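*Asks:* To start, I am sharing the structure in question, which I have written as structure tokens.
The values are calculated or read from the model by the stated rules, or taken from the named source; none is laboratory data. From a predicted model like this one, the values you see are computed outputs, not experimental measurements. Glycine also receives a Cβ, built like all others from the backbone with ideal geometry; neighbour counts cover every protein chain displayed.
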Ligand code: ADP
Ligand code: MG
């Protein structure tokens with residue numbers, strides 16, 4: 001059951017995790033991008049936090065749609081529209097009180113929407129390289145946060161094929177993808193908040 005208090009705690013946990021790691025995300029993006037991923041994500045999640053009571057009062061699907069809109073408008077860069085698409089698609093696909101199966105199916109649909117929007121796929125050193133293994137771990141009933149952390153780590157030896165990091169070609173190898181790291185942070189915060197409830 002996702003009541004208002006729990007939904008608020010969940011939104012706050014995710015936003016605070018992203019904001020607390022903004023420096024790390026920016027450092028990762030300085031290595032293989034333009035150094036704005038932390039700033040972008042912090043701006044977006046500060047906007048989400050500013051409206052947390054309104055988001056928490058909505059049924060989960062409506063809250064996810066509103067948060068997705070805020071991310072599209074406030075994060076910017078390549079990641080804003082992609083995280084916005086992810087959240088809005090989850091909102092469209094999830095019922096008000098989702099089961100694990102609902103989550104697996106909705107995350108699958110949201111991943112497909114991100115792929116379509118980004119013209120991207122797994123193995124290209126992006127957030128998808130975390131989101132897809134997370135969906136699989138969720139489907140298998142495994143350790144979702146652990147899978148996310150491992151998947152983010154697995155982007156280090158990858159060569160970027162999409163996004164700004166792809167301009168570096170082979171020089172993108174040896175660094176963690178910033179969007180993979182932010183996805184892992186978000187997933188860990190969700191898993192922890194839901195686990196504690
Ligand atoms: P920008 O690249 O415009 O500066 P950000 O720095 O905020 O935007 O976000 C970069 C992250 O966005 C990358 O690390 C990657 O994970 C993700 N990303 C970029 N392009 C794509 C894409 N086409 N598909 C999926 N993810 C992408
Ligand atoms: Mg950037």
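*Asks:* Is it true that some residue in the range 81-92 is in contact with a helix residue (DSSP H, G or I) (Cβ under 9 Å, 6 or more places away or on another chain), within 16 Å of ligand 2 (Cβ to nearest atom) and more than 22 Å from residue 13 (Cβ to Cβ)?
*Replies:* yes
*Asks:* Among residues belonging to the range 168-195 that are within 16 Å of ligand 2 (Cβ to nearest atom) and over 18 Å from the mean Cα position of the chain (by Cα), point out the one that is surrounded by the fewest Cβ atoms within 10 Å (Cβ to Cβ).
*Replies:* Among them, the one singled out is 171.
*Asks:* Which ranges mark the helices (runs of 4 or more DSSP H) fully within the range 1-62 that have 2 or more residues being in contact with a helix residue (DSSP H, G or I) (Cβ under 7 Å, 6 or more places away or on another chain) and over 17 Å from residue 91 (Cβ atoms)?
*Replies:* Numbers: elements: 4-20, 22-32, 37-50, 52-57.
By residue number, 4-20, 22-32, 37-50.
*Asks:* When you look at residue 154, is it over 22 Å from residue 102 (Cβ atoms), crowded, with 21+ Cβ neighbours inside 10 Å and in contact with a helix residue (DSSP H, G or I) (Cβ under 9 Å, 6 or more places away or on another chain), yes or no?
*Replies:* So residue 154 does not fit the description; no.
*Asks:* A further question on this structure: (1) within 13 Å of ligand 1 (Cβ to nearest atom); (2) surrounded by fewer than 18 Cβ atoms within 10 Å (Cβ to Cβ): which one isn't true of residue 165, the others all being true?
*Replies:* If we test residue 165 against (1) within 13 Å of ligand 1 (Cβ to nearest atom); (2) surrounded by fewer than 18 Cβ atoms within 10 Å (Cβ to Cβ), just (2) comes out false.
*Asks:* Another question, if that's okay. Checking the condition in contact with a helix residue (DSSP H, G or I) (Cβ under 7 Å, 6 or more places away or on another chain), under 26 Å from residue 12 (Cβ atoms), surrounded by fewer than 17 Cβ atoms within 10 Å (Cβ to Cβ) and modelled with pLDDT of 95 or more, which residue from 121, 143, 102 passes?
*Replies:* Testing whether each residue is in contact with a helix residue (DSSP H, G or I) (Cβ under 7 Å, 6 or more places away or on another chain), under 26 Å from residue 12 (Cβ atoms), surrounded by fewer than 17 Cβ atoms within 10 Å (Cβ to Cβ) and modelled with pLDDT of 95 or more leaves just 143.
*Asks:* Being closer than 17 Å to residue 165 by Cα and buried (at least 16 other Cβ atoms within 10 Å of the Cβ) narrows it down to one residue among 82, 131; which is it?
*Replies:* 82
*Asks:* Let me ask something else about it. Out of everything in the range 1-60 that is within 16 Å of residue 87 (Cβ to Cβ) and touching a residue at least 60 places away in the same chain (Cβ under 8 Å), what residue ends up being farthest from ligand 1 (Cβ to nearest atom)?
*Replies:* 2
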